[in-house]
Amino acid sequence: MIEILVLYYSQGGAVRDMAQLIARGVESVNGAKARVRTVPKVSANHEATEPDIPTSGAPYAELADLEACAGLALGSPTRFGNMAAPMKYFLDGTAGLWLKGALIGKPAAVFTSSGSMHGGNETTLISMMLPLLHHGMLITGLPYSEPQLSTTTTGGTPYGASHIGGSMDDRPISDDERKLCIALGKRLAETALKLS
Ligand SMILES: Cc1cc2nc3c(=O)[nH]c(=O)nc-3n(C[C@H](O)[C@H](O)[C@H](O)COP(=O)(O)O)c2cc1C
């Protein structure tokens with residue numbers, strides 16, 4: 001049995017819901033299991049601390065989760081066309097793993113939720129790939145053999161899964177977005193199995 005780490009940050013819940021769909025895609029593959037983890041908020045007040053255990057949702061990730069996984073799905077909301085600070089902060093703490101080459105050769109995929117259609121969800125997906133490439137991970141996207149990539153009128157890109165929440169963040173995950181989240185998790189797990 002291989003484990004895929006589904007690591008996300010979410011403030012409003014959209015990326016959290018996508019993470020659950022991606023985990024469902026991972027677990028649709030025989031021999032693959034998803035480990036879902038989140039990261040704590042960061043605060044401008046550096047004396048503020050988060051509780052060790054989140055009040056709801058997935059547990060916080062540890063570096064050991066990254067080291068142990070056979071593949072990684074990384075999700076963050078779009079913030080000014082980039083990943084959110086809590087995810088960047090967590091990734092900035094992974095230099096020890098980089099020094100050891102702990103993630104070299106592991107497959108990875110990325111996902112995001114944004115308010116608007118053309119407000120930077122694709123740049124956010126690409127921004128999340130950059131540190132993973134430095135770690136030597138093998139990036140997997142979504143191929144156009146997934147029919148929803150051609151039919152979606154909301155999110156879903158060849159760079160990874162995405163959701164467009166709308167200006168009030170009240171749009172539910174569309175059917176196409178949902179299927180593409182599941183397809184991404186499935187593809188990641190299948191790739192990890194082939195590589196392991
Ligand atoms: C500080 C901040 C910056 C944001 N920047 C963008 C942006 O550049 N483009 C966009 O489309 N949405 C932007 N949004 C909206 C979020 O990406 C969107 O609400 C997302 O669905 C939130 O995901 P979550 O529910 O998982 O937290 C921003 C939101 C915040 C709070």
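The values are calculated or read from the model by the stated rules, or taken from the named source; none is laboratory data. Keep in mind that this is a model prediction, so the values were computed, not measured. Don't worry about glycine lacking a Cβ; one is built from the backbone with ideal geometry, like all the others, and counts go over all protein chains shown. Please note that ligands, DNA and RNA were not included when accessible areas were found on the heavy atoms of the full protein model with its side chains. Shrake-Rupley method; radii C 1.70, N 1.55, O 1.52, S 1.80 Å.
Table for the structure above
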read-out	value
Mean residue ellipticity (222 nm) of the chain, computed from DSSP H runs ≥ 4 via -39,500 (n - 2.57), nearest 500	-11000 deg cm²/dmol
Length released on extending from S150 to K100, taking residue separation times 0.36 nm less the Cα-Cα span	14.0 nm
Chymotrypsin sites (Phe, Trp or Tyr not before Pro) restricted to the range 96-196 and DSSP loop, no more than 14 other C-beta within 10 Å	Y144
Size of charge dipole - the range 2-195 - debye, nearest 20, with Cβ of Lys, Arg +1 and Asp, Glu -1, no other charges	360 debye
Approximate spin-label separation R24-S167, in nm, with each point projected 7 Å along Cα-to-Cβ	3.0 nm
Where the range 37-196 is the region considered: accessible area per residue in Å², 1.4 Å probe	51 Å²
Neighbour-limited loop hits for GluC sites (Glu not before Pro), the range 1-67 (at most 16 other Cβ within 10 Å; DSSP other than H, G, I, E, B)	E47, E62
Inter-site label distance for H134 and D92 at 7 Å from Cα along Cβ, in nm	1.1 nm
The range 1-94, accessible surface, carbon-and-sulfur percent (1.4 angstrom probe)	48 percent
Fraction of antiparallel bridges per DSSP, the chain only, in percent to nearest 5	10 percent
Spin-label zone in the range 1-28 - amide nitrogen under 15 Å from a point set 7 Å from the Cα of T55 along the C-beta vector	11-13
